[in-house]
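The values are calculated or read from the model by the stated rules, or taken from the named source; none is laboratory data. None of these values were measured; they are calculated from a predicted model. Reconstructed Cβ throughout: ideal geometry from the backbone, glycine too, with neighbour counts over all protein chains shown.
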Amino acid sequence: MTIAIGFEGSANKLGVGIIRDQDVLSNVRHTYITPPGEGFLPRETAQHHRECILNVLQKALDEAKITLKDVDVICYTKGPGMGAPLTVTALIARTVAQIYNKPIVAVNHCIGHIEMGRLITGSVNPTVLYVSGGNTQVIAYSRQRYRIFGETIDIAVGNCLDRFARLLKLSNDPSPGYNIEQLAKKGTKLAPLPYVVKGMDVSFSGILSYIEEHLSGWLNSKEFTPEDLCFSLQETVFAMLIEITERAMAHVKSSEVLIVGGVGCNEKLQDMMKVMCEERNAVLHATDERFCIDNGVMIAVAGLLQYKTQGHTSWAETTCVQRYRTDDVHISWRE
Amino acid sequence: MNDFELIAQGAEARVYKGIYLGKPTLIKERFEKKYRHADLDKRLTKDRIKAECRAIIRAKAAGIATPAIYLANLERRCIYMEYIENAVILKEFIDKKLSEETNDDRLLNFIAQGLGTIIAKLHLKNIIHGDLTTSNVLLKNIDDDHIKKYKNAANNFVIIDFGLARVESSVEDKAVDLYVLERSLLSAHSEIPLLFSKIFDIYQKHYANKNQCKEIVSKYKEVQLRGRKRLMIG
Ligand SMILES: Nc1ncnc2c1ncn2[C@@H]1O[C@H](COP(=O)(O)OP(=O)(O)O)[C@@H](O)[C@H]1O
Ligand SMILES: [Mg+2]
């Protein structure tokens, strides 16, 4: 039996997760929440991670009922992400590895989402929709790589939602996306937003500038309420995501979908995906916020797979990088 | 549609095969997508049926092999078009050839010759396909003899699925069209990583407007760089 601990801190969530082989022992997270109208910046986010790490780590150990001595391998997020928060996370992981003299594994954040999604849902070879604050990708596996079939050509869907929430001054607690989802439930009228799909790629920046341009007019004339706009935004961007997922499925002849990443816990998105899957006799796999949103377990899961097939990462390579593509990683643990 | 038989569910439509006015016909039905808002679904379906008919007619007029359009019915969400007989989908053709390990230069040159020539022709007529993947190309009357004589490859290629097509003269749109193709080849046909650059070579040879061709090439590099530079956080 192998115990792995994962440290995640590439954006505004700080997470520590512990697994024993395939069993989750603990999964603790603390999110840096900014006031309405404000996004999170690298320096303040890194500061948050530094302040919270000891508590989060202790809580994860307590819940797992182990000490760091019992851990067999330390895993951390190498990238992609924001420079300063990544650096804090790497520093913590390296320190723990040094103090307890444990092997360390550097993990690609996106691969963490995918492997944990596969583990939790039991899906075997799904087409993956990876949607978060910084990423929007449609991925399918072949020949030891997760290959990107479609992606955003400008901003990520989560970024689009977050920036829209800031325009409306919605609360960032627990997350802007969650609050949009709740308001959207009361919206009824569909605003005609741009819908941009190019092959298997999507674009969101035009939607945002279109909304910026019309927002005050719409609200002042009462043509659309904030609820209507949340509703319209979700209907439009989610339809785009489902469409490119379906395009990739048709192309690779897949009948299994897995949604991962922070936006993936949106129930409206999951419901829409489910309907699409039914229309083409496919099955949907999704998880809830415990696992969709950035967390430590995902890093432990991917790190342990990597450790078992490739061994640990050499000390000189335990750095971090802001850009690190999903398809850069050699997937040694799959056929 | 009584005696029509469902043959496939593609990226957005169901396609049926049968006989219409004595001719082998394919009905492409963009059935109602229940996952999206009904108004949005109607708008997209209408736009795409129109776009597909327009682009196919324009491409045909330019001498590019595409199925002939027989009828379009916006109410019933379908297009009746010529059914291309003795055809295989390029994606399946490549997968099959690779599994037979006939991955030689001739196969590569044949595909590059065919696709490079046709995409250049489309772009010269300002037709942006919008969804260039190997699932949207048919090869007709193909045998190993043809592959050897790859100079005439374009005669065997039929381009389909113009639902995302536009008429647009901008260099940016042409560059993005090529970039979409490159990415789809890299992801779906990673066994033959050189395919795109070969296609692009042939494309440039056949792009008669040399000045614009240069602009497309440099724009393409810019689009590619944009993709690589994109930050990915969270
Ligand atoms: N004119 C045609 N003749 C023969 N087969 C066709 C024709 N058009 C489409 N097909 C087949 O139907 C599939 C789906 O058609 P396509 O136009 O690509 O629809 P979608 O937008 O759903 O992908 C194609 O991959 C091809 O196998
Ligand atoms: Mg198609």
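Taking the condition of being within 14 Å of chain A (Cβ to nearest Cβ) and among the polar types (S, T, N, Q), how many residues in the stretch B:1-33 meet it?
Number satisfying all stated conditions: 1.
Would you point out which residue out of A:Leu208, A:Leu219 is more than 16 Å from ligand 2 (Cβ to nearest atom), away from chain B (no Cβ under 11 Å) and within 22 Å of A:Tyr130 (Cα to Cα)?
Unique residue meeting the criteria: A:Leu208.
Of everything in the stretch A:149-188, what is part of a loop (DSSP other than H, G, I, E, B), touching a Phe, Trp or Tyr at 6+ places or on another chain (Cβ under 8 Å) and facing another protein chain (nearest Cβ under 10 Å)? Give them in sequence order.
If the condition is that a residue be part of a loop (DSSP other than H, G, I, E, B), touching a Phe, Trp or Tyr at 6+ places or on another chain (Cβ under 8 Å) and facing another protein chain (nearest Cβ under 10 Å), then A:Asp154, A:Ile155, A:Ala156 are the ones that fit.
Could you list, in sequence order, all residues of the stretch B:121-142 that are more than 12 Å from ligand 1 (Cβ to nearest atom) and surrounded by fewer than 22 Cβ atoms within 10 Å (Cβ to Cβ)?
B:Lys121, B:Leu124, B:Lys125, B:Asn126, B:Asn141, B:Ile142
Hey, can you tell me all the residues within the stretch A:234-270 that are assigned to a helix (DSSP H, G or I), in contact with a Gly (Cβ under 7 Å, 6 or more places away or on another chain) and more than 16 Å from ligand 2 (Cβ to nearest atom)?
A:Gly262, A:Val263
(1) modelled with pLDDT of 85 or more; (2) crowded, with 18+ Cβ neighbours inside 10 Å: which one isn't true of B:Ile147, the others all being true?
If we test B:Ile147 against (1) modelled with pLDDT of 85 or more; (2) crowded, with 18+ Cβ neighbours inside 10 Å, just (1) comes out false.
Scan A:Gly117, A:Gly150, A:Gly158 and give me the residue that is in contact with a helix residue (DSSP H, G or I) (Cβ under 8 Å, 6 or more places away or on another chain) and farther than 30 Å from B:Pro193 by Cα.
On the way: A:Gly117 fails: farther than 30 Å from B:Pro193 by Cα; A:Gly150 fails: farther than 30 Å from B:Pro193 by Cα.
Step by step, each of A:Gly117, A:Gly150, A:Gly158 is checked, and only A:Gly158 is in contact with a helix residue (DSSP H, G or I) (Cβ under 8 Å, 6 or more places away or on another chain) and farther than 30 Å from B:Pro193 by Cα.
For the stretch B:1-58, which positions are touching a strand residue (DSSP E or B) at 6+ places or on another chain (Cβ under 8 Å), within 12 Å of ligand 1 (Cβ to nearest atom) and β-branched (Val, Ile, Thr)?
Scanning the stretch B:1-58 gives B:Ile7, B:Val15, B:Thr25, B:Ile27, B:Ile49, B:Ile56.
Checking the conditions here, which among A:Val128, A:Val71, A:Val124 is more than 14 Å from chain B (Cβ to nearest Cβ), surrounded by 20 or more Cβ atoms within 10 Å (Cβ to Cβ) and under 25 Å from A:Gln22 (Cα atoms)?
Every option except A:Val71 fails the conditions.
With among the hydrophobic types (A, V, I, L, M, F, W, C) and within 13 Å of the chain's Cα centre (by Cα) as the only criterion, which of B:Val167, B:Val158 stands out?
Details: B:Val167 fails: within 13 Å of the chain's Cα centre (by Cα).
It is B:Val158.
Tell me yes or no: at least one residue of the stretch B:91-108 is closer than 25 Å to B:Arg14 by Cα and of a type in the set (Ser, Thr, Tyr).
No, the conditions are met nowhere in the stretch B:91-108.
Mind checking whether some residue in the stretch A:271-285 is buried (at least 24 other Cβ atoms within 10 Å of the Cβ) and assigned to a loop (DSSP other than H, G, I, E, B)?
Within the stretch A:271-285, none of the residues are buried (at least 24 other Cβ atoms within 10 Å of the Cβ) and assigned to a loop (DSSP other than H, G, I, E, B).
Restricting to the stretch A:246-262, give me the number of residues that are more than 7 Å from chain B (Cβ to nearest Cβ) and either of a type in the set (D, E, K, R) or touching a Ser or Thr at 6+ places or on another chain (Cβ under 6 Å) (or both).
Selection size over the stretch A:246-262: 8.
One line per residue, one yes/no per condition, for (1) within 18 Å of A:Asp328 (Cβ to Cβ); (2) assigned to a loop (DSSP other than H, G, I, E, B):
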position: A:Ala84; (1), (2): no, no
position: A:Ala90; (1), (2): yes, no
position: A:Arg94; (1), (2): no, no
position: A:Leu119; (1), (2): no, no
position: A:Asn125; (1), (2): no, yes
position: A:Ile139; (1), (2): yes, no
position: A:Arg147; (1), (2): yes, no
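Name the residue, out of B:Arg36, B:Arg48, that is within 14 Å of chain A (Cβ to nearest Cβ), free of Cβ contacts under 8 Å to residues at least 24 places away in the same chain and crowded, with 20+ Cβ neighbours inside 10 Å. Steps first, answer last, please.
Numbers: B:Arg48 fails: free of Cβ contacts under 8 Å to residues at least 24 places away in the same chain.
Selected residue: B:Arg36, the only one of B:Arg36, B:Arg48 that is within 14 Å of chain A (Cβ to nearest Cβ), free of Cβ contacts under 8 Å to residues at least 24 places away in the same chain and crowded, with 20+ Cβ neighbours inside 10 Å.
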